[in-house]
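Written below as structure tokens is the structure these notes are about.
The values are calculated or read from the model by the stated rules, or taken from the named source; none is laboratory data. Since this is a predicted model, take the numbers as computed values, not measurements. In this analysis, Cβ positions are derived from the backbone assuming ideal geometry, glycine residues included, and neighbour counts consider all displayed protein chains. Ligands, DNA and RNA are excluded from the accessible area calculation, which covers all protein heavy atoms including side chains. Shrake-Rupley method; radii C 1.70, N 1.55, O 1.52, S 1.80 Å.
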Number of protein chains: 4
Amino acid sequence: MTKGRMEAFSDGVLAIIITIMVLEIKVPHGEEFTDLVPLIPVFLSYVLSFIYLGIYWNNHHHMMHTVKKVTGKVLWANLHLLFWLSLVPFVTGWMGENHFAENPIALYGVILLMAALAYFYLQYTIIKTQGEDSVLKKAVGKDLKGKLSPILYLIGIAFAWITPWVSGAMFVLVALIWLIPDKRIERMLEG
Amino acid sequence: MTKGRMEAFSDGVLAIIITIMVLEIKVPHGEEFTDLVPLIPVFLSYVLSFIYLGIYWNNHHHMMHTVKKVTGKVLWANLHLLFWLSLVPFVTGWMGENHFAENPIALYGVILLMAALAYFYLQYTIIKTQGEDSVLKKAVGKDLKGKLSPILYLIGIAFAWITPWVSGAMFVLVALIWLIPDKRIERMLEG
Amino acid sequence: MTKGRMEAFSDGVLAIIITIMVLEIKVPHGEEFTDLVPLIPVFLSYVLSFIYLGIYWNNHHHMMHTVKKVTGKVLWANLHLLFWLSLVPFVTGWMGENHFAENPIALYGVILLMAALAYFYLQYTIIKTQGEDSVLKKAVGKDLKGKLSPILYLIGIAFAWITPWVSGAMFVLVALIWLIPDKRIERMLEG
Amino acid sequence: MTKGRMEAFSDGVLAIIITIMVLEIKVPHGEEFTDLVPLIPVFLSYVLSFIYLGIYWNNHHHMMHTVKKVTGKVLWANLHLLFWLSLVPFVTGWMGENHFAENPIALYGVILLMAALAYFYLQYTIIKTQGEDSVLKKAVGKDLKGKLSPILYLIGIAFAWITPWVSGAMFVLVALIWLIPDKRIERMLEG
């Protein structure tokens, strides 16, 4: 029961975050296609954030599969993750409206980093409640993706003031790492 | 479980999309009925998009009935559909505020087309996971509606710069095709 | 299953409608309580609409209790009801921002009337699917409230251009009729 | 069934309230970090309100665990609670945009107080429906937190015009009281 409501609430919040982001793409007054040109960076930011929220929903979903008991700590670790994700529409809008300027790109990376750490902490909290035979611990394994992502975010943040397109590349790269099914990545790393 | 959460998340996103569209109908400052006149195209666009989202929710709903196993590909094909549908409020607003001008009508058609193709791809992905005895494949049958819709959208898009009302007529026609129960259409085609 | 998703979707749409209405109460720039004074009519409209949407959610909820089979017609009759309710935030905002001026009051009444008729039609559609032994038909009984409400709305709409406070009183009266549990009303009518 | 839909509707409304609050953090036009400085009070208000809504969701959730029968009175007591919580985004925005000025702080406290009383009334209504052996009554116990919170809110409201930071401290204190698990508090009180 508890788990069901936690999932339902998380689904609700994620569905709203993913949808209200589109409100940042403000309807222009003109009717020419050229009136849409200034919206291109806003649109691209939207696409990237949409994919990120899709990944979070997807992973959250798989993680919850392994959960049986929901403690107060898990509930709050989950709300803590939703908090950082709720700031994604703001940084997406700021980055898009300033056409990928240095500071907004860096802040976008910071929020992605905080969300990743919050996810990591939620995972850790669940594993602790599950004890030694934690199903989630086995499922996560070495958690290469989970450990690599914060490092790539940090590189992305640092490059925001040097070569901003590297930051963008880093954020796209992390998204791709999570989008491509695990097996393929494993083969690539082995290959 | 997985299916339940995918349905719940889709329902959430669709419910939000259908509802935030109404925010594009901005409350006018004046108190006369004439102050509402400029809102008529916005309102008509809203009605059309509301019906389209209702149709998508309805069809999504029936399609999910046949699904038993949800794979990663199905989850992402579903998110891909939701992405295009999430752009409906934007194009609805642009078309409405520009009183059905050429370019906004064309873009509205493009988004409808992309959503139709995304739906088609989701359907294809589900059928593939179900294997040879796919229940969905049987249910879909020849999928006359599904194949006719993109063609009508393309006609609608092309006519946007020639006779825009033909575009409008096409978009209304597709909606009607999906609103009228199948049996009647079949009889009409046979008749 | 079908019923569950229809309820979930309706709950979602109603939850969003009831919540985005609060966005019409725009945060004022000043920090004095006098800066809130112009918001009083917007707030009062919000309270009335909140109660109305609460009543609709409540009644929808009880009606669905009696439903076993959901047909395509029921799904669309339900979406039709949600359509009219989705316009409540707009008319609430228009009425509130114009301090209960004549035309906005009348339009508010029209939307309430259309929602009431849509509810009536949904009820009728469900009763038809249930056949002769319709549980809903028995539950509804003479449906005094359902028949009285549209009449009171019509009186309210007509008085908008004569004595607007009568309209307001009518809309409050209908809300009270639905808020007060049936038994008390029955006793009052008998008494 | 009834309980399930009441929970789902409450979850939906709470998820939307918690998420649309972020829309009050308006994306600034400039791209410098200094452009974000005026947003700091808005952000801090957001954090506080996010935590409060998280606490309400959490407590609502535990309270509903004990509920078996949902009466009309419980449904309306629940909607009454949601009404006051729906005003949180407005007062959060007013307090944040006016950089914790006296009146907005006081109103913020008033809304928190009204929500606390509404929660208290919902609790009372549920206990009454459960009769003498009320599970909720036992679970609530002496309800120290529930009785202390309104008093702290009142102190906070009173200090808004004397030393506003005391008000802020009171609102943070109440949040902490609810965040820290009960056992620790009990020990502190005993200690």
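Just in segment C:46-141: which GluC sites (Glu not before Pro) are loop by DSSP and have at most 15 other Cβ atoms within 10 Å?
On the way: sites: C:GLU97, C:GLU102, C:GLU132; in loops: C:GLU132.
Counting only loop positions with at most 15 other Cβ atoms within 10 Å, the GluC sites (Glu not before Pro) in segment C:46-141 are C:GLU132.
Over chain C, calculate the relative contact order: mean separation of alpha carbon pairs under 8 Å at least 6 apart, over the residue count, as a percent. Write out the running numbers ahead of the final one.
Values: 181 pairs, mean separation 42.6, N = 191.
Dividing the mean separation by the residue count of chain C yields 22 percent.
How far apart, in nm, are two points set 7 Å out from the Cα along the Cα-to-Cβ line at D:ASN59 and at C:LYS69?
So the two model labels end up 4.7 nm from each other.
Would you please name the trypsin sites (Lys or Arg not before Pro) within segment B:1-30 that are DSSP coil residues with at most 15 other C-beta atoms within 10 Å of their C-beta?
Passing sites in segment B:1-30 are B:LYS26.
Please report the net charge: other residues with Cβ closer than 13 Å to the Cβ of C:THR129, K and R +1, D and E -1. Present the calculation step by step, with values, prior to reporting the outcome.
Numbers: positive: C:LYS3, C:LYS68, C:LYS69, C:LYS73, C:LYS128, C:LYS137; negative: C:GLU132, C:ASP133.
Within the 13 Å Cβ shell, the charges total +4.
Report D:TRP76's accessible area, 1.4 Å probe, all protein chains in place, as a number in Å² to the nearest 10.
Ignoring ligands and nucleic acids, D:TRP76 comes out at about 70 Å².
Rounded to the nearest 20 Debye, what is the dipole magnitude of chain C about its Cα centre when Lys and Arg each give +1 and Asp and Glu each give -1 at the C-beta? Mind showing how you got there, number by number?
Working: 15 positive and 14 negative charges, 220 e Å.
My answer is approximately 1060 debye.
What angle, in degrees between 0 and 90 and rounded to the nearest 10, separates the Cα long axis of helix C:164-179 from the longest principal axis of the Cα atoms of chain C?
40
With the other protein chains left in place, how much accessible area per residue, in square angstrom, belongs to segment B:1-135 at a 1.4 angstrom probe?
36
Give the span of segment D:3-190's Cα atoms along each principal axis, as three whole-Å numbers ordered largest to smallest.
60, 40, 26
If each DSSP helix of 4+ residues adds -39,500 (n - 2.57) and the sum is divided by the residues in chain B, what number results at 222 nm, nearest 500 deg cm²/dmol? Don't jump to the answer; show the numbers that get you there.
Values: 9 runs with 146 residues, N = 191.
Taken over chain B, the calculation gives -25500 deg cm²/dmol.
Which FRET efficiency, nearest 0.05, do D:LYS147 and C:LEU148 yield, Cβ-Cβ r, R0 35 Å? It would help to have the intermediate numbers written out before the result.
Numbers: r = 44 Å, r/R0 = 1.25.
With a Förster radius of 35 Å, E is 0.20.
Sort shortest first the distances from A:ILE155 to its counterpart in every other copy, using label points 7 Å along the Cα-to-beta-carbon line, and give them in nm.
A:ILE155 label point versus its equivalents elsewhere: 5.3, 5.3, 7.4 nm.
Can you tell me the alpha carbon radius of gyration of the protein assembly as shown divided by the globular rule-of-thumb value 2.2 N^0.38 Å?
0.96
Taking the label point 7 Å from Cα in the Cβ direction, how far apart in nm is D:ILE40 from each other copy of itself, listed shortest first?
Values, ascending and in nm: 3.7, 3.7, 5.3.
Of C:PHE43, A:PHE50, which has the most accessible area with a 1.4 Å probe, and how do the rest follow in descending order?
Details: C:PHE43 70, A:PHE50 15 Å².
My answer, sorted largest first, is C:PHE43, A:PHE50.
Give me the percent of the accessible area of segment C:10-154 that comes from carbon and sulfur atoms, probe 1.4 Å, all protein chains in place. Don't jump to the answer; show the numbers that get you there.
Working: 3860 of 5740 Å².
Percent of accessible area from carbon and sulfur atoms in segment C:10-154: 67.
So what is log10(I(q)/I(0)) for segment A:93-149 at q = 0.16, 0.18, 0.21 1/Å, when the Debye sum runs over its Cα atoms only?
-0.61, -0.68, -0.79
Please report the accessible area of C:TRP84 (heavy atoms, 1.4 Å probe, ligands and nucleic acids excluded) in Å², nearest 10.
Rounded to the nearest 10, the figure is 50 Å².
Taking the inverse of the average 1/r across all pairs of different Cα atoms in segment C:1-99, what Kirkwood radius in Å do you get? Walk me through the intermediate numbers first.
Values: mean 1/r = 0.0668 Å⁻¹.
This gives a value of 15.0 Å.
So, counting K/R as plus one and D/E as minus one, what does the shell of residues with Cβ under 10 Å around A:GLU31 add up to?
Numbers: positive: none; negative: A:GLU32, A:ASP35, B:GLU97, B:GLU102.
The answer is -4.
Under a Cβ-only charge scheme (Lys and Arg +1, Asp and Glu -1), can you give me the dipole magnitude of the protein assembly as shown about the Cα centre, in debye to the nearest 20? Don't jump to the answer; show the numbers that get you there.
Working: 60 positive and 56 negative charges, 761 e Å.
For the protein assembly as shown, the charge dipole is close to 3660 debye.
For the interface of D with C, what's the total buried accessible surface in square angstrom, probe 1.4 angstrom, rounded to the nearest hundred?
Values: alone 11520 and 11550 Å², together 20100 Å².
Rounded to the nearest hundred, the buried surface is 3000 Å².
Between segment B:1-32 and segment A:87-166, how far is it from one alpha carbon centroid to the other, in angstrom?
The two parts, judged by their Cα centres, are 28 Å apart.
Which angle from 0 to 90°, rounded to the nearest 10, does the C-alpha axis of helix C:2-20 make with the longest principal axis of chain C?
Computed tilt is about 10 degrees.
Which residue, B:PRO38, B:PRO104, B:PRO28, has the most motion in a Gaussian network model of chain B that connects Cα atoms within less than 10 Å?
B:PRO28
Sticking with the crude label model, points 7 Å out along Cα→Cβ, report the distance from D:LYS138 to B:PHE43 in nm, one decimal please.
Going from the D:LYS138 label point to the B:PHE43 one covers 5.8 nm.
When Lys and Arg each count +1 and Asp and Glu each count -1, what net charge do the other residues less than 13 Å away from B:ALA106, Cβ to Cβ, add up to?
In short, -3.
Under the rule a/c < 1.5 gives rounded, and otherwise a/b versus b/c splits prolate from oblate, where does segment B:32-87 land using the Cα gyration tensor? Intermediate values should be presented prior to the final figure.
Numbers: a/c = 6.65, a/b = 2.89, b/c = 2.30.
Prolate, since a/c reaches 1.5 and a/b exceeds b/c.
Sequence-distant or interchain residues sharing an amide H contact under 5 Å with B:PHE100, placed H: which?
none
Counting only protein heavy atoms, probe 1.4 Å: which residues of segment D:30-49 lose 20 Å² or more of accessible surface in the full assembly compared with their chain by itself?
The answer is D:GLU31, D:PHE33, D:LEU36, D:PHE43, D:TYR46 - residues whose exposure falls by at least 20 Å² when every protein chain is included.
Thinking of segment C:66-126 as a set of Cα atoms, what percent of all their pairs are more than 20 Å apart? Intermediate results must be reported in sequence, preceding the final value.
On the way: 670 of 1830 pairs.
Roughly 37 percent, rounded to a whole number.
Full-extension gain between C:LYS3 and C:HIS99, please, as 0.36 nm times their residue separation minus the C-alpha to C-alpha distance. Intermediate values should be presented prior to the final figure.
Numbers: separation 96, 0.36 × 96 = 34.56 nm, distance 4.07 nm.
Gain in length upon complete extension: 30.5 nm.
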